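The values are calculated or read from the model by the stated rules, or taken from the named source; none is laboratory data. Just so you know, these numbers come straight off a predicted model, no measurement behind them. Cβ coordinates were reconstructed from backbone atoms using ideal geometry, including for glycine residues, and neighbour counts include every protein chain displayed.
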Amino acid sequence: NIRQITGRQILDSRGNPTVEVDVVLDDGSLGRAAVPSGASTGANEAVELRDGDPARYHGKGVRRAVDAVNGSLAEALTGVEAEDQARVDTILIDVDGTPNKGRIGANAVLGVSLATAKAAAAAHRLPLYRYIGGPGARLLPVPMMNIINGGAHADNLLDFQEFMIAPIGAEDFAEAVRMGSEVFHTLKKMLHGAGHNTNVGDEGGFAPNLRTAEEALGFVVRAVEQTGYVPGEDISIALDPATSEFFRDGVYDYAGEGVKRSVQEHIDYLADLITRYPIASIEDPMAEFDIDGWKLLTQLAGDRAQLVGDDVFCTDVARLNEGVRGHYANSILIKVNQIGTLTETLTTVDTAHRAGYTAVMSHRSGETEDTTIADLAVGTGCGQIKTGSLSRSDRTAKYNQLIRIEEELGSSAGYAGRRALAVRS
Ligand code: PGA
Ligand code: ZN
């Protein structure tokens, strides 16, 4: 049973404060979890509580969330059985009492929820992925590695936020990391050679001053080829244009490119990119409130590419069910802090799979050294993870944890490979 819960304020990868929670059980088992934070957040995400005190951390302090962890949440959960994750999460939801966890803060709630699961796993002497997924949890995910950053994650003109490579043809996860790292370093040389800067953005990808998505795609394809891999065979491309960020007054406003596209023009543009580049997956191809656009694109291209709902679903099972009923998207991005508890996260993944949607475990642009999502990717068997580039420890920590999990599983480990991204037509 839970003996003690301690919250503290630590720093995330952008240097902003975030919540870390320790949960200690009666037998001394410790679970520790740190909470991530997004920059291009969906309107319907669970609410991250910030102090708003301009005198401290420019208003971004999380002392009120930490106080809630140490106060009302610790009080409500002390003595509760840690293995009963559903009950723990129900108590967390009830103590907060709001639909979006805005009173106590989803950052407080998530920290306690994840740390409890980790403490329970430790008490059972099980790695987290096995505690969550059982003995069948053996599938290592295809990583979507974000090697060019734009949008809200970088100080450049690229309208699209993320250009990722997915080594679908790797034999195993460690080889996927090797392939990604090799392409990353080839790309660095190519960008440097072309006179571009090779500084990295929030997720560790390069942030060159390119203007158009096609320029960036050209660099990615050439980097894959020059490294000796076949685009589309060994390595596919995945995009997250994060279009909610540039959908204004009913049009897609490509400000960096200097072009405005109507919904139909934007859809035709994406469909054309899918035809001309080895793009296997597009996340948030349409804005969160452009549901008609989502439906049109899914009809047109849903059998050719994975269309991943991030902002439009916010890891919320009710929103996902609307997508399933309304026939839009065919995949969902899973971010634990969008919904706020482990139980709700697992329910959403499960619901997606039963509806024939793929699910992609995901980091946030603001991360920490916490590697919980690596274990969740294997524990849920979802087969895909997006956790940034091949640089910066907040990103590579997750890849490194997956390398360790693969080693631990030994010959029973599987690699999801190209079938992970296959969409139902
Ligand atoms: P965020 O970006 O963490 O800044 O929201 C990631 C994404 O859009 O997938
Ligand atoms: Zn996204």
Exercise for the section: Say whether the condition of being closer than 22 Å to Arg395 by Cα and among the hydroxyl-bearing types (Ser, Thr, Tyr) is met by at least one residue in the range 349-358. Expected result: no
Handout entry: Residue that is nearest to His363 (Cα to Cα), among those in the range 208-227 that are surrounded by fewer than 23 Cβ atoms within 10 Å (Cβ to Cβ) and in contact with a helix residue (DSSP H, G or I) (Cβ under 8 Å, 6 or more places away or on another chain)
Key = Leu217
Problem - Positions within the range 400-419 being within 16 Å of the chain's Cα centre (by Cα) and surrounded by fewer than 24 Cβ atoms within 10 Å (Cβ to Cβ), in sequence order - result: Gln401
Problem - Test for Arg304: is it assigned to a helix (DSSP H, G or I), touching a residue at least 40 places away in the same chain (Cβ under 8 Å) and more than 14 Å from ligand 1 (Cβ to nearest atom) - result: no
Practice task
Would you tally the residues in the range 75-126 being free of Cβ contacts under 8 Å to residues at least 60 places away in the same chain and under 15 Å from Leu30 (Cβ atoms)?
Solution key: 3
Exercise for the section: Evaluate the range 278-292: report whether one residue or more is within 25 Å of Gly38 (Cβ to Cβ), of a type in the set (Asp, Glu) and in a helix (DSSP H, G or I). Expected result: no
Exercise for the section: List every residue pair whose Cβ atoms lie under 7 Å apart, where the two residues are 6 or more positions apart in sequence or sit on different chains, the first residue falls within the range 328-339 and is touching a residue at least 40 places away in the same chain (Cβ under 8 Å) and under 24 Å from Glu20 (Cβ atoms), and the second residue, located anywhere, is of a type in the set (Val, Ile, Thr) and more than 14 Å from ligand 1 (Cβ to nearest atom). Expected result: Ile334/Thr345; Ile334/Thr348; Ile334/Val349; Val336/Thr345; Ile339/Thr345; Ile339/Thr348
Handout entry: Out of Thr351, Thr343, Thr380, sole residue that is over 21 Å from Ser13 (Cα atoms), of a type in the set (S, T, N, Q), buried (at least 22 other Cβ atoms within 10 Å of the Cβ) and away from ligand 1 (no atom under 16 Å from the Cβ)
Key = Thr380
Fill in the blank from the handout: In the range 218-235, anything touching a residue at least 12 places away in the same chain (Cβ under 8 Å) and either within 16 Å of ligand 2 (Cβ to nearest atom) or in a helix (DSSP H, G or I) (or both) is listed as Phe219, Val220, Val221, Arg222, Ala223, Val224, Gln226, Thr227
Practice task
Give the range 358-375 a look and list any residue that's touching a Leu at 6+ places or on another chain (Cβ under 9 Å) and within 16 Å of ligand 2 (Cβ to nearest atom), or say none.
Solution key: Thr358, Ala359, Val360, Met361, Ser362
Handout entry: Ala359 vs. criteria touching a helix residue (DSSP H, G or I) at 6+ places or on another chain (Cβ under 8 Å), on the phi < 0 side of the Ramachandran plot, in a loop (DSSP other than H, G, I, E, B) and touching a residue at least 24 places away in the same chain (Cβ under 8 Å)
Key = no
Exercise for the section: Taking the residues in the range 127-171 that are within 16 Å of ligand 1 (Cβ to nearest atom) and over 18 Å from the mean Cα position of the chain (by Cα) as candidates, determine which candidate is farthest from Ala216 (Cα to Cα). Expected result: Asp155
Practice task
Can you give me the number of residues within the range 378-425 that are on the phi < 0 side of the Ramachandran plot, part of a helix (DSSP H, G or I) and not basic (Lys, Arg)?
Solution key: 21
Problem - Options Ala166, Ala174: the member that is surrounded by fewer than 24 Cβ atoms within 10 Å (Cβ to Cβ) and of a type in the set (A, V, I, L, M, F, W, C) - result: Ala174
Handout entry: Conditions (1) within 16 Å of ligand 2 (Cβ to nearest atom); (2) at pLDDT 95 or above; (3) not hydroxyl-bearing (Ser, Thr, Tyr); number of the one not met by Gly201
Key = (2)
Practice task
Test Leu390 against the stated conditions and say whether it is away from ligand 1 (no atom under 16 Å from the Cβ), under 21 Å from Tyr131 (Cβ atoms) and buried (at least 23 other Cβ atoms within 10 Å of the Cβ).
Solution key: no
Handout entry: Any hit, the range 236-248, residues being more than 16 Å from ligand 2 (Cβ to nearest atom) and in contact with an Asp or Glu (Cβ under 8 Å, 6 or more places away or on another chain)
Key = no
Practice task
Name the residue, out of Leu217, Leu239, that is within 16 Å of ligand 1 (Cβ to nearest atom) and either at pLDDT below 95 or under 24 Å from Ala194 (Cα atoms) (or both).
Solution key: Leu239
